[in-house]
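This report refers to the structure that appears directly beneath it.
Read-outs: derived from the displayed coordinates by stated rules, not from any lab. Keep in mind it's a predicted model, so treat the numbers as computed, not measured. Here the Cβ positions follow ideal geometry from the backbone for every residue, glycine too, while neighbour counts run over all protein chains shown.
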Amino acid sequence: MERAEKATAVATLHEVFSKASVVVVAQYSGLTVAQMQRLRKQAREQGASVQVAKNRLAKIALDGTSVASIGPLLKGPTLIAYSDDPVAAPKVAAAFAKDHEKFVILGGAMGVTALNPDGVKSLATMPSLDELRAKLVGLVQAPATKLAQLSTAPAAKLARVFGAYAERDAA
């Protein structure tokens, strides 16, 4: 890599580290090209990105970012998974690690909080931002639905009572 290419790579990585809400570091040695492509595809579908970067350049790019705590994890063949959604990258990494034993999660960072491998896996079990929004909308709609059911219930009960009296009088 030429000096200008390195400077561009560092600037790009610095921007990624500054904007991403979560970064996961994993070792990928032993994975085939097809498996890496599958990982990248799964990450894109979840709204995350996977990138292999030179460790030295990544460490330089970490300076001045909130996720600088991942610096010591960058040893050997590592890749970086990141996303704006705090659970997208950990979900992709944990699911892929479950299926491929050669893919090892080393840790990560969520803002200034450093994450060990167990922290990344526990973050992966949390619902995504879209799932939380759906649950919130459901909770907001539930009282309105119940209120509508309660307002129609007395009328229905009255109708049944009148129907019972009418049947009794007819008999």
### Message
Distance between the C-alpha centers of the range 1-40 and the range 76-114? Whole Å please.
### Response
12
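What percent do you get for the relative contact order of the chain when only Cα pairs under 8 Å and 6+ apart count?
Values: 235 pairs, mean separation 44.5, N = 171.
Averaging sequence separation for qualifying contacts and normalising by length gives 26 percent for the chain.
Can you give the calculated 222 nm mean residue ellipticity of the chain, where each DSSP H run of n ≥ 4 adds -39,500 (n - 2.57) and the sum is split over every residue, rounded to the nearest 500 deg cm²/dmol? Display every interim value, and only then the final one.
Working: 6 runs with 101 residues, N = 171.
The per-residue figure over the chain is -20000 deg cm²/dmol.
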### Query
So, in nm, how far is label Ala159 from label Asp118 when the simple model puts each one 7 Å beyond its Cα toward the Cβ?
5.9
### Task
Return the label of the correct value of Cα Rg over 2.2 N^0.38 Å, as calculated from the structure shown, out of (1) 1.01; (2) 1.70; (3) 1.61.
(2)
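Based on the mean of other beta carbon atoms within 10 Å per residue, what is the order of 2-14, 35-47, most packed first? It would help to have the intermediate numbers written out before the result.
Values: 2-14: 13.3, 35-47: 16.0.
My ranking of the peptides, most packed first, is 35-47, 2-14.
Could you order the peptides 120-132, 98-110 from most to least packed, using the average number of other C-beta atoms within 10 Å per residue?
Sorting 120-132, 98-110 by mean packing, highest first, produces 98-110, 120-132.
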### Summary
Count of lysine pairs, the chain, Cα-Cα under 13 Å, sep. 8 or more residues or interchain, comes to 6
